[in-house]
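Chemist: Okay, here's the structure, questions in a sec.
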Amino acid sequence: MSESPNIGIKMQEEDYPALYNAADAASLKAQSIYFNALRIYLILLVIAAVVAFLWAQHVYGAITSAALFLLTLGILVLFKVKKPEDIWYNGRAVAESVKTRTWRWIMKAEPYDKDESEEQAQKELLSDLKSILSQNRSLSEAIEWTPDLGEAISTKMIAIRSKSWQERLAIYKCDRIDNQSVWYSKKTQFNRRRSKQWFITSVFLHSLAVLMLLYRIKEPSSHLPIEVVAVAASAVLTWVQAKKHNELHSSFALAAHEIVLIKGESVSISGEPELSEFVVDSESAFSREHTQWVARKNV
């Protein structure tokens with residue numbers, strides 16, 4: 001995205017508090033571990049089914065299948081012990097909470113809209129960041145600290161907060177609202193494509209299994225890999241349920257439309273009080289989609 005109009009300052013990912021960058025990194029790492037492990041698990045199940053089909057009466061086939069199932073068992077134990085999915089969601093929740101607090105602070109929106117010294121305002125933000133971390137202590141083992149994560153309050157945050165309300169509004173519209181709009185739009189299109197692709201794959205595998213079963217009725221002596229296709233179809237279904245492309249497509253599309261409406265409301269802002277109310281309402285809308293998604297995950 002381009003720089004904020006007429007401001008010459010832009011809020012980048014590295015300008016957020018160090019806690020945001022640490023939680024974001026932990027979440028992305030856990031997400032990668034979770035999906036990579038799940039991908040390997042499902043592929044091993046299909047391979048085990050292929051081995052069992054091709055070498056059903058061979059001792060080496062049985063040994064290979066047993067070894068593959070032991071590997072899948074190890075992955076299940078990994079899921080249970082490491083709980084990468086919980087770290088993924090908790091890290092995302094912390095990161096989004098910190099991001100919301102950051103934008104409220106630099107926009108001087110409630111509860112950071114009081115007429116007080118900047119030192120006191122910084123203390124209040126730091127206190128809130130500590131509260132977010134203390135409420136998610138289960139994430140502490142997954143969060144890593146490195147010098148490149150930045151400061152608790154960056155110089156960019158302080159610089160934006162010191163600007164006039166008109167300049168802060170311009171930055172908010174460009175670096176927060178437009179940024180979110182582009183992100184949700186891309187994710188909506190991505191999940192729509194993936195949903196369609198996996199649906200076609202699932203239909204193909206199920207249709208293939210049905211055709212094989214019908215052929216077996218006609219030719220009872222035929223030796224077809226029906227079980228392999230059935231396992232592959234189940235693996236695809238499991239993957240689709242984990243990725244939730246359909247739900248994400250609908251959720252992100254709704255959020256993208258809501259962001260367009262949010263941006264339209266900015267034309268009525270005429271001072272600090274209206275800016276504060278606008279930012280609070282906007283941040284509530286941004287966090288609502290994520291909160292609802294986490295709630296659906298825990299159902």
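The values are calculated or read from the model by the stated rules, or taken from the named source; none is laboratory data. Just so we're clear, the structure is a prediction, and the values are computed from it rather than from any experiment. Neighbour counts run over all protein chains shown; Cβ positions are idealised from the backbone, glycine included.
Chemist: Look through region 94-119, keep the residues that are among the basic types (Lys, Arg) and part of a loop (DSSP other than H, G, I, E, B), and return whichever of them is surrounded by the fewest Cβ atoms within 10 Å (Cβ to Cβ).
Modeler: Lys114
Chemist: With the requirement that a residue be without any contact (Cβ under 8 Å) to a residue 24 or more places away in the chain and either loosely packed, with under 13 Cβ neighbours inside 10 Å or within 18 Å of Glu283 (Cβ to Cβ) (or both), what does region 250-267 give you? Don't jump to the end; show me each part of the working.
Modeler: The initial filter retains those residues of region 250-267 that are without any contact (Cβ under 8 Å) to a residue 24 or more places away in the chain, namely 250, 257, 261, 264-265, 267.
Scanning region 250-267 gives His257, Leu261, Gly264, Glu265, Val267.
Chemist: From the list Ala95, Ala56, which one is of a type in the set (A, V, I, L, M, F, W, C) and over 17 Å from Ala23 (Cβ atoms)? Reasoning before the result, please.
Modeler: Working: Ala95 fails: over 17 Å from Ala23 (Cβ atoms).
Step by step, each of Ala95, Ala56 is checked, and only Ala56 is of a type in the set (A, V, I, L, M, F, W, C) and over 17 Å from Ala23 (Cβ atoms).
Chemist: Which one of the conditions (1) under 20 Å from Ala22 (Cα atoms); (2) crowded, with 16+ Cβ neighbours inside 10 Å; (3) out of contact with any Leu (no Cβ under 6 Å at 6 or more places or on another chain) does Asn90 fail to meet, given that it meets all the rest?
Modeler: So Asn90 meets the others, but not (3).
Chemist: While we're looking at this one, here's another question. From the residues in region 199-234 that are surrounded by 14 or more Cβ atoms within 10 Å (Cβ to Cβ) and touching a Lys or Arg at 6+ places or on another chain (Cβ under 8 Å), which one is nearest to Trp55 (Cα to Cα)?
Modeler: Checked region 199-234; the qualifying residue nearest to Trp55 (Cα to Cα) is Leu224.
Chemist: Next question. How many residues are under 20 Å from Gln31 (Cα atoms) and not hydroxyl-bearing (Ser, Thr, Tyr) if we restrict to region 134-160?
Modeler: Final tally of qualifying residues: 9.
Chemist: I'd like the full set of residues that are exposed (fewer than 12 other Cβ atoms within 10 Å of the Cβ), more than 18 Å from Val267 (Cβ to Cβ) and among the hydroxyl-bearing types (Ser, Thr, Tyr), limited to region 137-175.
Modeler: Answer for region 137-175, where residues must be exposed (fewer than 12 other Cβ atoms within 10 Å of the Cβ), more than 18 Å from Val267 (Cβ to Cβ) and among the hydroxyl-bearing types (Ser, Thr, Tyr): Ser138, Ser140, Thr146, Thr155.
Chemist: Exactly one of (1) assigned to a loop (DSSP other than H, G, I, E, B); (2) under 23 Å from the mean Cα position of the chain (by Cα); (3) among the aliphatic types (A, V, I, L, M) is unmet by Ile153. Its number?
Modeler: That leaves (2) as the condition not met.
Chemist: Another question about this same structure. Looking at the structure I just gave you, is Ala170 touching a Pro at 6+ places or on another chain (Cβ under 7 Å) and small (Gly, Ala, Ser)? So that I can check it myself, show each step before the final result.
Modeler: On the way: touching a Pro at 6+ places or on another chain (Cβ under 7 Å): yes; small (Gly, Ala, Ser): yes.
Here the answer is yes, as Ala170 does meet what is asked.
Chemist: Considering (1) hydrophobic (A, V, I, L, M, F, W, C); (2) buried (at least 16 other Cβ atoms within 10 Å of the Cβ); (3) under 28 Å from Ile33 (Cα atoms), say which one Val77 fails and leave the rest.
Modeler: The failed condition is (2).
Chemist: When both residues are 6+ apart or on different chains and their Cβ atoms are under 7 Å apart, which pairs have a first residue that lies in region 3-18 and is at pLDDT 55 or above, and a second that is among the charged types (D, E, K, R) and in a loop (DSSP other than H, G, I, E, B)?
Modeler: What qualifies is Lys10/Glu3; Ala18/Glu151.
Chemist: Checking the structure you have, find out if any residue of region 29-44 is charged (D, E, K, R), within 22 Å of the chain's Cα centre (by Cα) and on the phi > 0 side of the Ramachandran plot.
Modeler: First, the residues of region 29-44 that are charged (D, E, K, R): 29, 39.
Applying the additional criterion that residues be within 22 Å of the chain's Cα centre (by Cα) yields 29, 39.
Checking which are on the phi > 0 side of the Ramachandran plot leaves us with none.
No, the conditions are met nowhere in region 29-44.
Chemist: Moving on to the next point. Inspect region 71-81 for any residue being among the small types (Gly, Ala, Ser), assigned to a helix (DSSP H, G or I) and at pLDDT 90 or above and give the result as yes or no. Outline the logic, then answer.
Modeler: First, pick out the residues of region 71-81 that are among the small types (Gly, Ala, Ser): 74.
Then drop every residue that is not assigned to a helix (DSSP H, G or I), which leaves 74.
Checking which are at pLDDT 90 or above leaves us with 74.
Yes, region 71-81 contains at least one residue that is among the small types (Gly, Ala, Ser), assigned to a helix (DSSP H, G or I) and at pLDDT 90 or above.
Chemist: Within region 31-39, does at least one residue satisfy the condition of being closer than 18 Å to Thr238 by Cα, at pLDDT 90 or above, basic (Lys, Arg) and in a helix (DSSP H, G or I)?
Modeler: The initial filter retains those residues of region 31-39 that are closer than 18 Å to Thr238 by Cα, namely 31-39.
Filter once more, keeping what is at pLDDT 90 or above: 31-39.
Now drop any that are not basic (Lys, Arg), which leaves 39.
Filter again for in a helix (DSSP H, G or I), leaving 39.
Yes.
Chemist: To continue, here is another question. Counting only residues that are crowded, with 18+ Cβ neighbours inside 10 Å and among the charged types (D, E, K, R), which one in region 268-299 is modelled with the highest pLDDT?
Modeler: Checked region 268-299; the qualifying residue modelled with the highest pLDDT is Glu283.
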